[in-house]
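Scroll down for the structure; my scribbles are underneath it.
The values are calculated or read from the model by the stated rules, or taken from the named source; none is laboratory data. Every value quoted in this text rests on a predicted model; they were computed, and no experiment measured them. Cβ atoms come from the backbone with ideal geometry, glycine included; neighbour counts cover every protein chain shown. Just so you know, the surface numbers come from the protein's heavy atoms only, side chains and all, with ligands and any DNA or RNA stripped out. Shrake-Rupley method; radii C 1.70, N 1.55, O 1.52, S 1.80 Å.
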Amino acid sequence: AYRNEVSRNGVEIQFTSGPLFELEGNALIADDLMLAIGSMAFVFGWMCFHLRSGFLATVSITQVVLSVPVAIFIYRNVYQIYFFDSIHILVVFLVLGIGADDIFVFIDGWRQAKESVDGLKRQLDPQSYLDLRMIFAYEHTVAAVFNTSFT
């Protein structure tokens, strides 16, 4: 009812109220929270598809989500910035996008490393082969991950 336009005899009536602003703000925050949860569910589903592993997707999304409390800790305790506004909630979308992108880049590097290092598989023991493959994947993805995270 408070959103309805009110006009009488050509005069438009506008009103404001602190409780109405609070009610509207809480409704917007609840809607944004549902969008964030929906985004996380979509990214989780896409990770399951791309990574071909529910376990890796779960660990990856957990890693991305747990980076937010670490950032808040640094924000408040190291930099001693206590201001927090509703716009800060949008960081969930940003962190989710950058974190998921970094994981996709690394997994692609891991898959490329298999093709590049496969010739040495017979010459090395299994642990050395995995170590070499990991080194190859890190060397070829570190620049891309840094650039997407830094910018």
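Quick notes
- Options 94, 90; residue that is under 15 Å from the mean Cα position of the chain (by Cα), under 29 Å from residue 28 (Cα atoms) and loosely packed, with under 11 Cβ neighbours inside 10 Å: 94
- Number of the condition not met by residue 108 [criteria: (1) more than 21 Å from residue 70 (Cβ to Cβ); (2) modelled with pLDDT under 90]: (2)
- Residue satisfying all of: in region 109-143; of a type in the set (S, T, N, Q) and in contact (Cβ under 8 Å) with a residue 12 or more places away in the chain; most open to solvent (accessible area, probe 1.4 Å) among these: 112
- Of residues in region 1-39 being open to solvent by 90 Å² or more (accessible area, probe 1.4 Å) and assigned to a loop (DSSP other than H, G, I, E, B), the one modelled with the lowest pLDDT: 1
- Any hit, region 45-57, residues being under 22 Å from residue 149 (Cβ atoms), assigned to a helix (DSSP H, G or I), among the small types (Gly, Ala, Ser) and touching a helix residue (DSSP H, G or I) at 6+ places or on another chain (Cβ under 9 Å): yes
- Scope region 62-87; condition out of contact with any helix residue (DSSP H, G or I) (no Cβ under 9 Å at 6 or more places or on another chain), within 18 Å of residue 26 (Cα to Cα) and not in a helix (DSSP H, G or I); matching residues: 85
- Annotation: of all residues in region 45-63 being under 15 Å from residue 107 (Cα atoms) and of a type in the set (Val, Ile, Thr), the one that is surrounded by the most Cβ atoms within 10 Å (Cβ to Cβ) is 61.
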